[in-house]
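Below: the structure, in structure tokens.
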Amino acid sequence: MADVVDSMLDLMRRLPPTRTEENVAALIGICPDYADDLLGSVDQPLQLKTDRATGREYLACDYNRDGESYRSPWSNEYDPPLDDGTVPTPKLRKLEIAANEAFDTYREMYYEGGVSSVYLWDLEDGGFAGVVLLKKTMTPVTQYEPSGSWDSIHVFETAERGRQAHYKLTSTVMLQLVTRRGSEAATSGAEKKQEDTRDPKGSEGWKSKGEVSLSGSMTRQTEQDWPLQDSSSHITNTGKMIEEMEIKMRNLLQEVYFGKTRDIVYDLRSIEDLEKGRRQKELQKELVGFIKR
């Protein structure tokens, strides 16, 4: 069993991240007996669903799934309906409702849109665990505008120790971004005509040439101890940890994804005139020679 699951996970690491859902579905079709193991080990883009009872949107993932149904954090009901679905205890459900309200405010302040969901469940050792989900999608108005999505999955475990609580947080961020070449209106008629001459497929082929796709995921872990006043302190403590983690991961994404991509592009393609660059290098050599004298 372990060998099969490890092989599927090894394969997923080598497949394009933009087609994660499609690849997972294909592997489940090949090995249906290992579906739960695969779904519990692979982070997929969060699914957007609507609560039938309240009309509010919520996020679906493996943490609020029971069979083929997903539990809504707003009504605590499963869709499709499930009579014996797993739900949190009344005490934990009260905390879950408060957490959803708190992180809904966090989402509005940091993301200025999108959807958030929080799910909690009890652990066998007496503590509890939860997941905070955040998703923001950028939908292009025209076919030339950039598109993308940001998915944050923060899984935490809590263990109370007197007046303190120990938290273990695992955060995963999935980023998908597709940028396209400038608008068709910005392209002159001569350029269009020249492009049509080179590309028999017409404008569709032209658009694909100017498209850049950037996607991937990043996972980080941290453990911290925080003071505990009452049950609501869990929301404050996890909120601080998630806020700090998201800021760190955003900075890392900017340096790794965008910074490295920019460096590679600039190494492959010179923005400035090559002759100008050559003259600057020659001038630098002359100056260095004068200094050595």
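Just so you know, in segment 181-211 the residues that are at pLDDT 50 or above and open to solvent by 80 Å² or more (accessible area, probe 1.4 Å) include one that is farthest from the chain's Cα centre (by Cα), and it is LYS209. The residues of segment 13-27 that are surrounded by 13 or more Cβ atoms within 10 Å (Cβ to Cβ), part of a helix (DSSP H, G or I) and at pLDDT below 90, listed by number, are PRO17, THR18, THR20.
Among residues of segment 1-24 that are charged (D, E, K, R), those with a Cβ under 6 angstrom from a residue that is surrounded by 11 or more Cβ atoms within 10 Å (Cβ to Cβ) and at pLDDT below 90, sequence gap 6+ or separate chain, pair up as GLU21/GLN44. Looking at segment 106-131 only, could you name the residues that are open to solvent by 10 Å² or more (accessible area, probe 1.4 Å), closer than 14 Å to ASP151 by Cα, touching a strand residue (DSSP E or B) at 6+ places or on another chain (Cβ under 8 Å) and among the hydroxyl-bearing types (Ser, Thr, Tyr)? Result: TYR111, single match.
Scanning segment 265-293 for residues that are assigned to a helix (DSSP H, G or I), within 39 Å of the chain's Cα centre (by Cα) and surrounded by 10 or more Cβ atoms within 10 Å (Cβ to Cβ) returns VAL265, TYR266.
If we keep just the residues of segment 212-243 that are among the hydroxyl-bearing types (Ser, Thr, Tyr) and either over 30 Å from TYR144 (Cα atoms) or assigned to a loop (DSSP other than H, G, I, E, B) (or both), which is farthest from the chain's Cα centre (by Cα)?
Looking at residues that are among the hydroxyl-bearing types (Ser, Thr, Tyr) and either over 30 Å from TYR144 (Cα atoms) or assigned to a loop (DSSP other than H, G, I, E, B) (or both), I get SER231.
If you go through segment 28-47 and pick out every residue that is within 20 Å of THR172 (Cβ to Cβ) and part of a helix (DSSP H, G or I), you end up with 6.
TYR70 meets all of the listed conditions (1) open to solvent by 20 Å² or more (accessible area, probe 1.4 Å); (2) not in a strand (DSSP E or B) but one, namely (2).
The values are calculated or read from the model by the stated rules, or taken from the named source; none is laboratory data. Everything numeric in this text was worked out from a predicted model, so none of it was measured. Counting neighbours? That spans all protein chains shown, and the Cβs are built from the backbone with ideal geometry, glycine included. We work out accessible area using only protein heavy atoms, side chains counted, and drop any ligands, DNA or RNA first. Shrake-Rupley method; radii C 1.70, N 1.55, O 1.52, S 1.80 Å.
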